Each structure stands twice: as structure tokens, then as C-alpha cells.
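Structure first, commentary second.
The values are calculated or read from the model by the stated rules, or taken from the named source; none is laboratory data. Just so you know, these numbers come straight off a predicted model, no measurement behind them. Heads up, the Cβs are rebuilt from the backbone with ideal geometry, glycines too, and the neighbour counts pull from every protein chain shown.
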Amino acid sequence: MKSQYKFYGWHLSYFAGKLRGYMNYKQLNFVEKACGYYDLMHKFPKKVGSSSMPVVETCDGEWLSDTTEIIAELEKRHPERSIVITTPKQKIVAMLLEAWFDDMWVTPAMYTRWMYPESYNLFKQEGGQALLPFLPSFVRNIVVEKTAMAKLRAYLPSMGINPKQNELIDAWTREQLALLDKHFSQYDYLLGGKPSIADYGLLGPMYGHLNRDPWPKREMIDKLPNLQRWTERTHKGTAASGPLLSDDNIPETLMPILKAIVREFLPMVNKIVAETEKTVKSRANKSGDKLPRIFKGVSFPMGTAEFSRNIFSYTLWMMQRIQNVYIKLNDTEQKSVDELFTELGADGFMQGSLGPKLKRHGLGVKLV
């Protein structure tokens, strides 16, 4: 039988792991193709407007990109084994966790891969086989090291990975991983007995990087068996063990993580709002104009100190999606979300301004 979808990605890829786990759970009929050089440099820019992975091609020749939007679209087309949440607090929390994992966890994923050279051979092997499968391995290794690896390592300073901040990154990562491991000692998934979009957000850094790259796997994840088992079953697509928590409850074991998001991630979001508003005003932007993808060198709280790195306008689009869901809730539902945010230390956040309205455009955003 012809496959309904073609999935383009690498097992090394942060966001490919997120989407692959979801498609496995949905039991979708798809075939996977490792992205080659031609795909990344020519086909993807033409079809979806960027050279990023993963990308999905339907059997009808339709092309889908961006994991958040791909998953939303596939949920509409395949309602069976749904991950859609209908209760207000759990829905908002799941989307908030996804945004946090998609943004804040890129730094530890890059740190644990590129600061420890023992992980390089895996990247050379798998990346080279995907990019240039017809060349001898020693040639592939040289080409991959001088192209893909050099390009990715060049991003490290922009993501705050430098000698002054590496110790903070390491400590923050270990603290959050320990909280997640404790949570998964009691629950199979983040919000109970079945996966949500939050789980697939976490799967990005966990499968593609932390549980496959040799150094973080040995030094971090092998010591956290509950989190490691969660990674394996979530990527495999193991059937749900039960429902989400009843009565729209949030697991107590998630509260320390959510409070860290309020202390660290939400101030960063506010910085993105400020930078976006300043840019739009200074450039006199109008509807349809593209905005900068990044704002450079912004500081925000992280763990026990201030952390500085580039921040992304795309993250603001994700947060506006969450606010749009909140706005459509009825008064009783909004009140329950407000009470949760007050408990977390973010009283009134959902009613606050998140800047000019945005829509996704490739890896960046445009003004609505």
C-alpha cells in the first residue's frame, strides 16, 4: 500500500524527533527519508520556504512544515488517538510547555552536543550518510565537519553557549531533568496517562539530542531511568495507559517546572514583546511585513543567575497562539486559568499585551 505521507528528517534532529514520535503514536501510514543535500538546499526552500527539517509530503503532493502546525493539521485529518485537550487549564499548560521546550531547551541540546567532542562521530556518521550517501565515509566525514558541523557550532555564541555561562547551562539542565524524572516516576506522560502536545515538545531535545548523543546520555539521562523510559515509549508511540488527569487538574509534580517557566521563560517572552514593539515602531512596519527572526543579546533569568542569548520572534507567535485560546474560553474557564497563573506567580499574564499580532512565515513571523 502506498504511504500516505513521506517524512523527511534525521534522528539527530531536535524537531524531527518531536514529530516522528507524534506520527508513531497516531499510527500514521508514513515512510521516512533522511534529508539529503539536495532536499535541504534546493527542494525544501522551494516547497516550504526554508531549509529546516522535518518536512512532510503528502501522497497528493502537498508539503507541510513547522512541527507545531504539522501536528495541528494532522490532528484535523486524523482524529483517532487524538492528543487534543478540551479542558482549559490542561490545554493552556500543554501549549505553554511546548513553547518552553521548543525555545529554552535548544540551548542545553546544543551545549551537550557541541561542547563534548565524543558526540561528533555520531553526527558525522548519520549526517554524512544522509547528506552524501554515495561518497566514501572518509570523504563524507570531512565534508560534514567543514559544512554542517561548522555551521551549527557557529551558532553556539548566539545561543549563550560560552565559558562564562556553560556552568549555568549545565546546572540548569540537570535541575530540570531531575524534576522531569521525578514527575515520570508517578505519571506516564506530562499530564497523566496519555500524551499531549507538551510531551512531543519535550521529545525534541530528549530524543534527538540528550538520549542519543553519547555524552549527555551517559552523564545525564542514563542516571534518570523514569525520564529515559518516557523518552523511549513516547518516541516509539506506545499506546496511552489511561486518560489525562481528571477534572482538569495539573499534576503537583509539574508545579516546580511551571514555576520555573514563570520565573524565567515569561520574562524572556516579555523581552521579545518589547523588542518587537520597538522594531515595528522604528521601522514603521505595516500588515504583511516580515519582522526580524532574532533579537540579539537579550538577558533574562535562568536558574540562579541572569542568562544572555539571542531570542526569537517565532516564540512570541507561539505565545500569541496560547493567548488566542485563552480569549475564546468562557468566563468560568478563564477564571480557572487565571487562578492557576496566580498560584504560579504570574497573576494577570494571560490578559496582558503580547505585542502586535503575528503570523508564522517560514522560520520567522510577519505582522498580521
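Assorted remarks:
- From the list Gln228, Gln186, the one residue that fits, being in contact with a helix residue (DSSP H, G or I) (Cβ under 7 Å, 6 or more places away or on another chain), among the polar types (S, T, N, Q) and in a loop (DSSP other than H, G, I, E, B), is Gln186.
- Residue count for region 128-171, restricted to those that are farther than 30 Å from Lys296 by Cβ and touching a residue at least 40 places away in the same chain (Cβ under 8 Å): 4
- Test: residue in region 199-217 that is without any contact (Cβ under 8 Å) to a residue 12 or more places away in the chain and basic (Lys, Arg): yes
- Selection within region 205-260: residues that are of a type in the set (Asp, Glu) and surrounded by fewer than 16 Cβ atoms within 10 Å (Cβ to Cβ). The member of this set that is farthest from Glu126 (Cα to Cα) is Asp247.
- Among the residues of region 25-62, those that are touching a Phe, Trp or Tyr at 6+ places or on another chain (Cβ under 7 Å), assigned to a helix (DSSP H, G or I) and under 18 Å from Phe15 (Cα atoms) comprise Asp39, Val48.
- Search result, residues across region 255-275 that are touching a residue at least 60 places away in the same chain (Cβ under 8 Å), closer than 22 Å to Leu177 by Cα and over 18 Å from the mean Cα position of the chain (by Cα): Met255, Pro256, Lys259, Arg263
- Summed over region 53-91, residues that are more than 19 Å from Ile197 (Cβ to Cβ) and polar (S, T, N, Q) total 1.
- Positions within region 105-138 being aromatic (Phe, Trp, Tyr), within 25 Å of Ser158 (Cα to Cα) and surrounded by fewer than 16 Cβ atoms within 10 Å (Cβ to Cβ), in sequence order: Tyr116
- Residues located in region 94-137, provided they are more than 11 Å from the chain's Cα centre (by Cα) and in a loop (DSSP other than H, G, I, E, B): Met115, Tyr116, Leu132, Pro133, Phe134, Leu135, Pro136
- Across region 298-341, the number of residues qualifying as among the small types (Gly, Ala, Ser) and either more than 17 Å from Ser158 (Cα to Cα) or outside the structural domain of Val273 (by TED's automatic domain parsing) (or both) comes to 3.
- Looking at Thr238, Thr253, Thr234, just one residue is in a helix (DSSP H, G or I) and over 19 Å from Val337 (Cα atoms), and that residue is Thr234.
To keep it simple, each residue is scored yes or no on (1) more than 16 Å from Met104 (Cα to Cα); (2) among the hydroxyl-bearing types (Ser, Thr, Tyr); (3) at pLDDT below 95.
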| residue | (1), (2), (3) |
| --- | --- |
| Arg233 | yes, no, no |
| Ile250 | yes, no, no |
| Val262 | no, no, no |
| Asp289 | yes, no, no |
| Gly297 | no, no, yes |
| Thr304 | no, yes, yes |
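- Single residue of region 74-93 satisfying the filter (touching a residue at least 40 places away in the same chain (Cβ under 8 Å) and assigned to a helix (DSSP H, G or I)) that is nearest to Trp10 (Cα to Cα): Leu74
- Tally, over region 162-175, of residues that are buried (at least 20 other Cβ atoms within 10 Å of the Cβ) and not aromatic (Phe, Trp, Tyr): 3
- Some residue of region 31-51 being hydrophobic (A, V, I, L, M, F, W, C), touching a helix residue (DSSP H, G or I) at 6+ places or on another chain (Cβ under 9 Å) and farther than 23 Å from Val144 by Cβ: no
- Enumeration of residues in region 272-303 that are of a type outside the set (Lys, Arg) and assigned to a helix (DSSP H, G or I): Ile272, Val273, Ala274, Glu275, Thr276, Glu277, Thr279, Val280, Ser282
- For the condition farther than 22 Å from Ala94 by Cβ and among the basic types (Lys, Arg), Arg218 qualifies.
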